[in-house]
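These notes are about the structure you will find just below.
The values are calculated or read from the model by the stated rules, or taken from the named source; none is laboratory data. This is a predicted model, so every value here is computed, not measured. Ideal geometry is used to build each Cβ from the backbone, glycine not excepted, and the neighbour counts take in all protein chains shown. Surface areas here come from the heavy atoms of the whole protein model, side chains and all, with no ligands, DNA or RNA. Shrake-Rupley method; radii C 1.70, N 1.55, O 1.52, S 1.80 Å.
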Amino acid sequence: MKHGRRTLRRGIRLAAVGGLLCGALMVSNAMAGEAPGGTGTTAGVPPSPDAAESLVARLGTARTAGSWIGRDGRPVVAVTDADTAAEVRRAGARAEIKRYSMEDLRSATETLKRAPRVAGTAWAVDYASNQVRVYADSTVSAADWSRLSEVAERAGGPVRMRRTEGPFTTRLNGATPIFNGTGRCSVGFNVTDGRDNYLLTAGHCGPVGTPWFRTTQGGGRLGTTVAGSFPGNDFSLVRYDRDDGVDFDGTNAVDIGGGRRVEIVGAADPVVGQQVFRSGSTTGLRSGRVTALNATVNYREGTVTGLIQTTVCAEPGDSGGPLLAQGLALGVTSGGSGDCAEGGMTFFQPVTTALKALGVRVIDGRLPGEARGTVVSPPPPADAAPTARAVGAPVGTDGRTVPGIVEFRQLALGSALIGVSVLGLIAARWLLSERAKREQYRAEYSHTWT
């Protein structure tokens, strides 16, 4: 009997301790960021995405075919042979052997670029599937689809074609809306050249010379577009007016709804597989995954290249809005297909490309007196490319901004699991104690029982 009681007690305790460990891990994953990027592995820590990209660059385009973040959060490098795979594994990353090299994939995209332009099409390299995916929206005719199929056949084996339900459109209109008298866009990020302050938004929102206002009636003049690029790229620079009552406080934060905001402290390039967030006045805060880089989209207005492709949804009114991850500016909304009811794909102009072309930098949005610590991107969740969804935004304190975005669903589940495990330990201790007392009484007084 005592042996059975000890076994039961041990089993309950092990289950509860396991629950505590799992809950703590979920909370840690929801709250913590990745370790800052390094060049190798230490103490079992996998290399950063930057280190994986450096590894790809060192091995060369004939032996590799890109890298991405895997389901377990570790970098994955596509290679073309077993010897290269072994070298990647020795560096601490996971290797997957693929048929086509990066040279093959780039050759296919060059063939697509040389073909006659077809509005309503897009393409990007999908590293994980080792394919160049070509998309044609609902506006592409059967004849154009047939001609594009012929081009894809000439491009070779890596090309795969797919129809999309909605048209590829620029998401004109937007996190904080701005108006130019004929349309609406969104503020992306606040930037500076050291002398003047500007806002960065999408290039298709308006050409150089476009005036911008806070209201649809032309009230509250903000500034004027002084530089930009569209098509080709999709970014523009709006200089804040100095003498029109514009109250710019020099900060930089993204509005995520409910009076809350996220401080922007720098800019970075995303990696394939990374979890990212977008904010817009039409659809609010949304999350998704980076599925490809250097994507090309043939809008009706012209072709834009070098874009970030994601599963984050967007709708008209979100153009120019910010793409971010953990306080880092990644991109501004360019366009896409679908909506936030059925899902879709959205493309973003990389911020780093725009900053370099315009000669500006992102304003550090932290409030005066706050620590200037390193900000890193959060580890991606286990799922590879979830459907875009609305996300619970972080809550600030006393009107202050919050430093980043956490996975509150995972945080809540982890906290609940910890709570249940603790209650289980307490309940098990009490129940086993009561059982022990009953058995003690039974042993002491059994001679009086009939």
In this structure, the FRET efficiency calculated for Glu103 and Asp50 from their beta-carbon separation, with R0 = 25 Å, to the nearest 0.05, is 0.65
Counting only protein heavy atoms and leaving out ligands, DNA and RNA, the solvent-accessible surface of Phe277 at a 1.4 Å probe, in Å² to the nearest 10, equals 0 Å²
Over all pairs of different Cα atoms in segment 141-299, the reciprocal of the mean inverse distance gives a Kirkwood radius in Å of 18.2 Å
Taking a probe of 1.4 Å and leaving out DNA, RNA and ligands, segment 67-184 shows per residue an accessible area in Å² of 48 Å²
Gyration tensor on Cα atoms of segment 274-338, a ≥ b ≥ c root eigenvalues, a/c under 1.5 rounded, else prolate if a/b beats b/c, else oblate, says oblate
Heavy-atom accessible area with a 1.4 angstrom probe orders Trp68, Trp212, most exposed first, as Trp68, Trp212
Taking only protein heavy atoms and a 1.4 Å probe, the highest-to-lowest accessible-area order of Asp196, Asp234, Asp255 is Asp255, Asp196, Asp234
In whole angstrom, the spacing between the Cα centers of segment 281-336 and segment 188-241 equals 18 Å
One computes Rg over Rh for segment 100-224 from alpha-carbon atoms, with the Kirkwood Rh, and obtains 1.14
Heavy-atom accessible area of Trp123, protein chains in place, probe 1.4 angstrom, given in Å² to nearest 10, is 20 Å²
Spelling it out for Gly335: with amide H atoms placed in the peptide plane at 1.01 Å from N, the residues 5 or more places away or on another chain with amide H under 5 Å from its amide H are Arg171, Phe347
Between the modelled labels at Val226 and Thr61 (7 Å from Cα along Cα→Cβ) the distance in nm is 3.7 nm
